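Asker: One structure, as structure tokens, below. Some questions next.
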Amino acid sequence: MNRTPLIGIGILAAILLLFAGSSLFVVNQAEQALVLRLGAHRATIKEPGLHFKLPLIEDVVRYDLRLLALDPPDEQIILGDQKRIVVDTYTRFRIADPLKFYQSIRTEVQARAQLTQIVSSALRREMGQAMLPSILSEERAQIMAKILREVAEPASNLGIAVVDVRIRRADLPEETSQSIYDRMKSERERQAKELRAQGYEWSQQIKARAERERTVILAEAQRQAQIFRGQGDAEANRIFAESFGKDPYFFSLYRSLQAYRHALGDNQTTMVLSPEGEFFRFFNGTGRARRE
């Protein structure tokens, strides 16, 4: 059996398979492709599926069709009121015109570098005219809309459609935050000292008022006591006078006994008196004689 035809058929099939493998390519749903013939643009393919190209003389350049994210590093910006803030932004974009994209920057890495510069310039230009209260208020949306417009125009020249530019976070620089913290701390310490001094002043006022009221109360109590004591003494004198009028002898005896108690009550008391004296009249019978 002659095998030469079979070998020829096998070689032809291999050539056809090699030709088909280098001529057919697949574009999936997340891709778009440029077909370049010897470096010149032949076709732009955005529909997914199986497509044909000429082998050896045509190449396929693929780009992402999905929405892409750009997260540039934080940057410090001086606002219109000369305040410094550190801004963290993010940008969402897609490759809208793959041919223009290929002709201007070609790779996605270069696109991110170019777009980072465009966003940074627009951000500094717009926020350099804004005040810090505007960034923290509803005016922030208007500022971001202006930045988006300024970014979209130059980006469209690169075949890029910028969908959104947002500020993720805006903070004061570390050194500024520390100085504000120190200033706030000093202010709180000053307020604390003022409150302590005010509290001490109030304490002294309350103590002085309480001492004054105490003095007034004591004086009033002493005055009342003197009045009551005087009234008591007057009443006692009245009773004594009435008693003396009713029985002078008994009254004189009672008063003499009180005098004896006070004068002779101390064992260490020494008195030199005549027994016939007036002081001892109730001991020698003189007092009784007088009563009789």
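Asker: Quick one: in the stretch 146-161, which of the residues that are over 35 Å from the mean Cα position of the chain (by Cα) and free of Cβ contacts under 8 Å to residues at least 60 places away in the same chain is nearest to GLU126 (Cα to Cα)?
Answerer: If we take residues in the stretch 146-161 being over 35 Å from the mean Cα position of the chain (by Cα) and free of Cβ contacts under 8 Å to residues at least 60 places away in the same chain, then GLU150 is nearest to GLU126 (Cα to Cα).
Asker: Counting just the residues of the stretch 135-179 that are of a type in the set (Asp, Glu) and part of a helix (DSSP H, G or I), which one comes out nearest to PRO72 (Cα to Cα)?
Answerer: Among those that are of a type in the set (Asp, Glu) and part of a helix (DSSP H, G or I), it is GLU150.
Asker: Let me ask something else about it. Looking at GLU47, GLU31, which is the one that is farther than 30 Å from ARG124 by Cβ, in contact with a Leu (Cβ under 6 Å, 6 or more places away or on another chain) and at pLDDT 85 or above?
Answerer: GLU31
Asker: Among the candidates ARG124, ARG212, ARG223, which residue alone is in the same structural domain as LYS83 (by TED's automatic domain parsing) and of a type in the set (D, E, K, R)?
Answerer: The conditions single out ARG124.
Asker: Regarding the stretch 125-145, can at least one residue be identified that is loosely packed, with under 13 Cβ neighbours inside 10 Å, among the aliphatic types (A, V, I, L, M), closer than 18 Å to SER156 by Cα and free of Cβ contacts under 8 Å to residues at least 24 places away in the same chain?
Answerer: yes
Asker: Could you grab me the full set of residues in the stretch 61-82 that are touching a Leu at 6+ places or on another chain (Cβ under 7 Å) and modelled with pLDDT under 90?
Answerer: Residues satisfying the conditions are VAL61, ILE77, LEU79, ASP81.
Asker: Criterion first (among the polar types (S, T, N, Q), over 29 Å from VAL151 (Cβ atoms) and either in the same structural domain as PRO154 (by TED's automatic domain parsing) or without any contact (Cβ under 8 Å) to a residue 40 or more places away in the chain (or both)) does SER23 satisfy it?
Answerer: Answer is yes for this residue.
Asker: Is at least one residue of the stretch 180-202 part of a helix (DSSP H, G or I), β-branched (Val, Ile, Thr) and under 30 Å from ARG84 (Cα atoms)?
Answerer: yes
Asker: Within the stretch 118-134, how many residues turn out to be in a helix (DSSP H, G or I), within 15 Å of GLN82 (Cα to Cα) and out of contact with any strand residue (DSSP E or B) (no Cβ under 8 Å at 6 or more places or on another chain)?
Answerer: Residues flagged as in a helix (DSSP H, G or I), within 15 Å of GLN82 (Cα to Cα) and out of contact with any strand residue (DSSP E or B) (no Cβ under 8 Å at 6 or more places or on another chain) within the stretch 118-134 amount to 4.
Asker: Within the stretch 146-169, can you find the residues that are among the β-branched types (Val, Ile, Thr) and buried (at least 17 other Cβ atoms within 10 Å of the Cβ)?
Answerer: If the condition is that a residue be among the β-branched types (Val, Ile, Thr) and buried (at least 17 other Cβ atoms within 10 Å of the Cβ), then ILE147, VAL151, ILE160, VAL162, VAL165, ILE167 are the ones that fit.
Asker: Would you check which residues across the stretch 61-117 are within 45 Å of the chain's Cα centre (by Cα), under 21 Å from LYS46 (Cα atoms) and in a strand (DSSP E or B) and list them?
Answerer: Residues satisfying the conditions are ASP64, LEU68, ALA69, ARG92, PHE93, ARG94, ILE95.
The values are calculated or read from the model by the stated rules, or taken from the named source; none is laboratory data. Since this is a predicted model, take the numbers as computed values, not measurements. Reconstructed Cβ throughout: ideal geometry from the backbone, glycine too, with neighbour counts over all protein chains shown.
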